[in-house]
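See structure below.
The values are calculated or read from the model by the stated rules, or taken from the named source; none is laboratory data. Predicted model, so just to flag it, every value in this text is computed and none were measured. Glycine also receives a Cβ, built like all others from the backbone with ideal geometry; neighbour counts cover every protein chain displayed. The accessibility values were calculated without ligands, DNA or RNA, using every heavy atom of the protein model including side chains. Shrake-Rupley method; radii C 1.70, N 1.55, O 1.52, S 1.80 Å.
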Amino acid sequence: MKKILIVIITLPFCNSIFAQNEFINHFKIWLGNWEMKTSRGITIESWSYKNDSTYMGNSFKIKSTGDSVLQESMELVKKADFIFLISRIVDQNNNQPISFKLTEFNSNYFVFENKSHDFPQKISYNFSIKDSLIATIEGPLNGALKRINYNYTKKN
């Protein structure tokens, strides 16, 4: 009887632990440094593991002079049964974080949305091509639907 009681008491926690491990494993594809070369320099998006419910990311531009400038800090966070991409862009949104909820995903494609935000309202990460990341932002802007792709290559 004691063993059955222990199993009944610990069963809800096992489900929670599995969910955390699933989160950790599902988003490992994000880890590392992703580089995009443009005519104005290089943009790096760098992701690291923080803890069982959070990945941290930063996006910065390396200018042709060699100086680096932080553009955005991000968190990929599991809160209760939901996953959010939380973005803080330098000199935008009064430097306040904006949350985008995960609405669609598979092993290499992730979509986050926030319909109440001005632009973007949708952010997607596509890892379909080996060592490649296509990040897309989209939403209404100046009365039209705008979509911008950022094409990154894995650096490590």
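Couple of notes before you dig in:
- Test: residue in segment 134-150 that is under 20 Å from His26 (Cα atoms) and either touching a helix residue (DSSP H, G or I) at 6+ places or on another chain (Cβ under 8 Å) or free of Cβ contacts under 8 Å to residues at least 40 places away in the same chain (or both): yes
- Among the residues making up segment 104-119, those that are hydrophobic (A, V, I, L, M, F, W, C) and crowded, with 19+ Cβ neighbours inside 10 Å are Phe110, Phe112.
- One residue stands out among those in segment 120-156 that are open to solvent by less than 40 Å² (accessible area, probe 1.4 Å) and not in a strand (DSSP E or B): the one that is nearest to Phe82 (Cα to Cα), which is Gln121.
- Test: residue in segment 11-18 that is part of a helix (DSSP H, G or I), of a type in the set (Gly, Ala, Ser) and either more than 12 Å from the chain's Cα centre (by Cα) or at pLDDT below 95 (or both): yes
- Some residue of segment 22-31 being open to solvent by 80 Å² or more (accessible area, probe 1.4 Å) and either part of a strand (DSSP E or B) or charged (D, E, K, R) (or both): yes
For (1) aliphatic (A, V, I, L, M); (2) within 24 Å of Lys61 (Cβ to Cβ), each residue gets a yes or a no:
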| site | (1), (2) |
| --- | --- |
| Leu85 | yes, yes |
| Asn94 | no, yes |
| Phe105 | no, no |
| His117 | no, yes |
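- Residue check for Lys115: farther than 17 Å from Trp47 by Cβ, assigned to a loop (DSSP other than H, G, I, E, B) and at pLDDT 95 or above: yes
- Annotation: of all residues in segment 35-53 being of a type outside the set (D, E, K, R) and over 19 Å from Leu76 (Cα atoms), the one that is surrounded by the fewest Cβ atoms within 10 Å (Cβ to Cβ) is Ser39.
- Qualifying residue in segment 84-99 (condition: surrounded by 15 or more Cβ atoms within 10 Å (Cβ to Cβ) and closer than 18 Å to Glu22 by Cα): yes
- Every listed requirement among (1) modelled with pLDDT of 95 or more; (2) buried (at least 16 other Cβ atoms within 10 Å of the Cβ) is met by Lys78 save one, (1).
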